[in-house]
Amino acid sequence: MFFVAAASSAAQPMIGNSIGSAVANSGLATVAEPDAIEKPAIDFPAEIPVDREKTAMLPQTASGYTRPDAKKRFRRYVNSTIGPFALLGNGIGAGFSTASNEPEEWGKSWEGYGRRFASNVGRNAIRNTITYGLDEALKLDSHFYRSEKRDVGSRVSNALLSVVTARKPNGKRTIGAPRLIGTYTANVVAAETWFPERFSWKDGVRSGTISLGFTAAFNLFREFILK
């Protein structure tokens, strides 16, 4: 884990949250939409004309992307924030931090584990709330989607680009401001508020960068291994 090696000793206690955040936002908790429900067939009169020229001119999204409806977008937000996989990820991250006793002021007791777990939940909630809010305001989609291309280069590129980009309604990529702002804000707020006094906003910035690195690594896992 070169991300861990590159971190300063002050930023290391935040690595546990980075691991947990990657799991919490993995998309595993997304509840599938009930697309498989059979709908009654409707017989239209045969004489209704179909303007095939206009039908052919309907806009097509880039790379076959279809923007999820508002209900599904909100469900993703809830599941990635307080869903079972989100809480599991936060718990795993707290376990790593407790085992390494970082920050040492919180100790290696169950009380220390609880504080780290609460810290991870708080940061994840801030991150996801900001990301979701900006996504909705800017009409963007920061969710990770696997590449439709099967060659290795395209899939690696998709996994890495998805960390710093978001989808427009037409499917084209743009700078992923919602995720970037959400990630850095959450880590800076944590460092400046409930972490021990020796931490500062600089540690939050470092932690945010580490978090994005873990997100990139987990995207590669989702792209090549997780089905």
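The values are calculated or read from the model by the stated rules, or taken from the named source; none is laboratory data. The structure displayed is predicted, hence computed values, not measured ones. Using ideal geometry, Cβ is built from the backbone for each residue, glycine included, and neighbour counts are taken over all protein chains shown.
Numerical summary
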quantity	calculated
Members of segment 124-168 that are outside any helix (DSSP H, G or I), of a type in the set (Lys, Arg) and surrounded by 15 or more Cβ atoms within 10 Å (Cβ to Cβ)	Arg146, Arg167, Lys168
Count of segment 146-188 residues which are modelled with pLDDT under 95 and under 11 Å from the mean Cα position of the chain (by Cα)	0
Verdict on Gly114 being surrounded by fewer than 15 Cβ atoms within 10 Å (Cβ to Cβ) and within 19 Å of Asn187 (Cα to Cα)	yes
Helices (runs of 4 or more DSSP H) wholly inside segment 26-118 that include at least 1 residues being at pLDDT 60 or above	70-82, 84-99
Residue match in segment 169-177 (condition: farther than 20 Å from Gly64 by Cα and part of a helix (DSSP H, G or I))	yes
